[in-house]
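Read through the structure below, which is laid out as structure tokens, and then see the notes.
The values are calculated or read from the model by the stated rules, or taken from the named source; none is laboratory data. Please read these numbers as outputs of a predicted model, since none were measured by experiment. A quick note on method: Cβ atoms are made from the backbone with ideal geometry, for glycine too, and the neighbour counts reach across all protein chains shown. Note: areas computed on protein heavy atoms with side chains; ligands, DNA, RNA excluded. Shrake-Rupley method; radii C 1.70, N 1.55, O 1.52, S 1.80 Å.
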Amino acid sequence: DNPNSAANWYPLPVEYNTPALANAYGSLTKSIQDANPDLPTWWAIWQEPDHTIGKNLEKEESMERYLQFFDDTAEAIKSKNQDSIVVGVQQNSSVGLHPKDNYEKFVDELLLPYENDRGKKIPYDYITIQNYKAQETEKILNHARKAYGRDELGDRFDMMPILINEAEIHKA
């Protein structure tokens, strides 16, 4: 741990173990759904990419590893139950306060190149925002819609809802 860092970090196991971990999550979600068939369940896999910095990884390398893990896990969950709801990357509201922000950067520099290299899209159903700036929700949602609703992205995100999965209001 770095006691001088304010950022969270969520370490993944060594790379050769991540496919097994993804498959285990897929099996776990199927078991939970089988035991509770009437319980609507959503699975959120990747929280706040800007915070997923591994202990000994640079930020970009950490984000790339998490994207691979997110892909593997979403695929494992969907392969075991096509009706599962997989929540996409949970963005932090702080990075959505500016028009040309990290939402666009994430899509353009990480998500789309990754998917293009693999020739397939990661199977997830929702975009979410951890909204710690709820007093600025309208601005954050507008910037998210601009980032995910651009013409060059086609219809990939057009009908994908953006959910606020946390909200916190700070008085100015």
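Can you name every residue in the range 133-155 that is open to solvent by less than 60 Å² (accessible area, probe 1.4 Å) and touching a helix residue (DSSP H, G or I) at 6+ places or on another chain (Cβ under 6 Å)?
140, 143, 144, 147
Residue by residue through the range 47-72, note down the ones that are modelled with pLDDT of 80 or more and not acidic (Asp, Glu).
Residues satisfying the conditions are 65, 66, 67, 68, 69, 70.
For residue 40, work out the one condition from (1) under 15 Å from the mean Cα position of the chain (by Cα); (2) at pLDDT 65 or above; (3) of a type outside the set (Ser, Thr, Tyr) it doesn't fulfil.
Of everything listed in (1) under 15 Å from the mean Cα position of the chain (by Cα); (2) at pLDDT 65 or above; (3) of a type outside the set (Ser, Thr, Tyr), residue 40 misses just condition (1).
Please give the helices (runs of 4 or more DSSP H) falling wholly within the range 54-172 in which 2 or more residues are over 19 Å from residue 18 (Cβ atoms).
The helices (runs of 4 or more DSSP H) meeting that bar are 102-106, 112-118, 137-148.
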